[in-house]
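See structure below.
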């Protein structure tokens with residue numbers, strides 16, 4: 001595992017996935033002196049949100065372990081789509097309060113930020129295909145290359 005392979009998109013998606021996963025165990029709603037977590041109030045949505053959170057973390061792990069950037073870039077497209085589904089689910093839960101609750105707790109907003117961060121991180125990861133910083137070329141594994149070989153131009157053959 002090489003954390004130097006992680007770009008901004010993977011860091012954002014991974015951290016947002018952890019934030020969403022942690023928020024599921026914290027109070028999302030308040031009512032009648034009770035604090036209710038997402039696991040207590042959401043039927044099947046909590047499991048879907050846990051999968052969405054795991055996908056954000058998975059993007060960071062796969063990028064750090066894969067030798068070539070093709071797999072993480074392809075995975076980032078799927079993570080973005082899954083993150084959009086999770087974002088819609090959290091927005092619905094922000095707008096539509098469950099029965100017997102009177103207000104929203106702070107972890108609901110953390111979950112919303114986590115779902116939005118997974119989408120943003122996936123989109124940034126899709127758009128950033130470079131392996132290295134400009135001016136410092138690397139090979140497919142992320143190791144720096146030596147001096148660039150000199151390119152010799154040849155003329156096109158005549159017919």
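Computed values, structure above
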read-out	value
Candidates 91, 68, 82, 101 - the one that is under 21 Å from residue 124 (Cβ atoms) and not in a helix (DSSP H, G or I)	68
Breaking point among (1) touching a strand residue (DSSP E or B) at 6+ places or on another chain (Cβ under 6 Å); (2) modelled with pLDDT of 90 or more, for residue 52	(1)
Some residue of region 145-156 being over 30 Å from residue 26 (Cα atoms), in a strand (DSSP E or B) and either modelled with pLDDT of 85 or more or touching a strand residue (DSSP E or B) at 6+ places or on another chain (Cβ under 8 Å) (or both)	no
Residue tally, condition in a loop (DSSP other than H, G, I, E, B), in contact with a helix residue (DSSP H, G or I) (Cβ under 9 Å, 6 or more places away or on another chain) and surrounded by fewer than 17 Cβ atoms within 10 Å (Cβ to Cβ), over region 1-53	4
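The values are calculated or read from the model by the stated rules, or taken from the named source; none is laboratory data. Just so it is clear, the model here is predicted, and its values are computed rather than measured. Every residue, glycine as well, gets a Cβ built from its backbone with ideal geometry; the counts of neighbours run over all protein chains shown.
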